[in-house]
1. Which one of these is at pLDDT 85 or above and either under 17 Å from Phe121 (Cα atoms) or part of a helix (DSSP H, G or I) (or both): Leu246, Leu180?
2. Cβ-Cβ under 9 Å, sequence separation 6+ or interchain: first residue in segment 251-264 and over 16 Å from Ala217 (Cα atoms), partner in a helix (DSSP H, G or I) and at pLDDT 70 or above. Which pairs?
3. All but one of (1) in a helix (DSSP H, G or I); (2) open to solvent by less than 50 Å² (accessible area, probe 1.4 Å); (3) farther than 30 Å from Met67 by Cβ; (4) touching a helix residue (DSSP H, G or I) at 6+ places or on another chain (Cβ under 8 Å) hold for Gly356; which doesn't?
4. For Thr294, are the conditions met, namely being among the hydroxyl-bearing types (Ser, Thr, Tyr), closer than 23 Å to Glu33 by Cα and surrounded by 14 or more Cβ atoms within 10 Å (Cβ to Cβ)?
5. Can you tell me which residue within segment 249-267, out of those that are part of a loop (DSSP other than H, G, I, E, B) and hydrophobic (A, V, I, L, M, F, W, C), is modelled with the lowest pLDDT?
6. Are any residues in segment 297-332 of a type in the set (Phe, Trp, Tyr), open to solvent by 60 Å² or more (accessible area, probe 1.4 Å) and either under 23 Å from Leu274 (Cα atoms) or at pLDDT 80 or above (or both), and if so, which ones?
7. So, in segment 61-98, of the ones that are in a loop (DSSP other than H, G, I, E, B) and surrounded by 13 or more Cβ atoms within 10 Å (Cβ to Cβ), which residue ends up modelled with the highest pLDDT?
8. Since Met227 meets every condition but one in (1) in a loop (DSSP other than H, G, I, E, B); (2) at pLDDT 85 or above; (3) hydrophobic (A, V, I, L, M, F, W, C), which condition does it not meet?
Amino acid sequence: MKMITLLPADKYMVVNKTILTDKERKNLISLYEPVIGYAAVSLYLTLWRDLDRLELVSMDYTHHHLMSLLKCNLETIKNARMALESVGLIKTYVKQGDLNSYVYELYSPLNPKEFFAHPIFSVILYNNLGKYEYELLKKEFQEYKIDLKEYQDITATLDTTYKATSNVSFDAVGTIENTLTLQDQVDFDMLFSSIPKGILNERSINKKLKELINNLAFIYNLDTLKMTELIRLVINEKGYIDKEELRKTARKYYQYNNNGKLPTLVYRTQPEYLKNPLGDNSNRGKIIAVFENTSPYDFLKSKYKGANPTSRDLKLLEMLLIDLNLKPAVVNVLIDYVLKKNDNKLNQAFVETIAGQWKRMNIETAEDAMNVAEKEHKKYSKKITNPKVDKTIEPVWFNEKLESDAMSEEETEELASILDKYK
């Protein structure tokens, strides 16, 4: 799909596809915000504000209206919108012209029971909150059950209380939840044909089952062959796939291969709470934005001029993100720093030395990582007495370079290539 440029003057209207109450607001903040970040939740609530509580469709607004209310740029609004789209909270339609017109359909958040049962959302929430906070939140939404064994149900039914007198019908807005959509992660034809006939009851293969398999394959990074193996382990004596066992088996398989850890999605880029405030349009501020809004995989891929990184370099990334638990923006700064200092080579020992130091220093933001890298470089430079040392080994984002009006042509090109991601 061709990318469409979003402009401040582009119009939008909000369509309410559900009943939005304070209960949904609580679900959104408590359950979704740790997953998609505060910017996406703020956008949702602002679009909700554009609707009067009883309205189905808002008046027309421009995106400058959103920029003014949210105090952020269009790129942030677009990223927030895509986060909402990805978790099924809004659907977006566009009519292109001299000025584009957008329609944003708002859908309800999942209720807590559905959210905690979801194979993707529950895992991400657990990883982003940690076990203690996750269990507290789960307990907060736990249903209180009363033992009714000794009670008799005497509730009146509709037909004993009312009599139908006419066939009046009307359309009403109810609570509508938009389905979370994923591209197929597995080849279902290959998967089911790989299981011998007679073992799997074909009547068990329905849309809900495929959706579960797809979600599990996505969150646990399972290919078709591996998913087939796991499914064969959880087919019961009636030929049905035990969905709960499939969830557990997929989770255990991932944990076994990842030192007991569970996967996460939101930390593929820097968490919102560790990003710099918006509004810094200096070159340094823009570079920080690149480090914060690019996943380490995509950042490393850009260093390969668009080619896929080697498996060795990917394992190095995995070690930094999972084993050392460095934040994504910090990893990006480290990659950029090491490549510049080490003749475009990611030397594992060099990377581990710096990573270990930054971990001990509890470096969590791009700006802190950049500052400590500059200080370390200055210390190293003072020890060198040879005046002929080539100073181009400094990354282009070092303060001295960005503040200089006399950047070399190579440095100017390097800066432009980094900031190209910001546009």
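1. Going through Leu246, Leu180 in turn, just one is at pLDDT 85 or above and either under 17 Å from Phe121 (Cα atoms) or part of a helix (DSSP H, G or I) (or both): Leu246.
2. Correct list of pairs: Lys261/Asn127; Lys261/Tyr254; Lys261/Gln255.
3. That leaves (4) as the condition not met.
4. Taking the combined requirement at face value, the residue satisfies it.
5. Here the answer is Leu265.
6. Selection gives Tyr297 alone.
7. Here the residue is Leu89.
8. It is condition (1) that Met227 fails.
The values are calculated or read from the model by the stated rules, or taken from the named source; none is laboratory data. In this text the structure is predicted, and so the values were computed from the model without any measurement. Because the Cβ atoms are built from the backbone with ideal geometry, glycine has one as well, and the counts that use them run over all protein chains shown. For accessibility, only protein heavy atoms count, side chains too; no ligands or nucleic acids. Shrake-Rupley method; radii C 1.70, N 1.55, O 1.52, S 1.80 Å.
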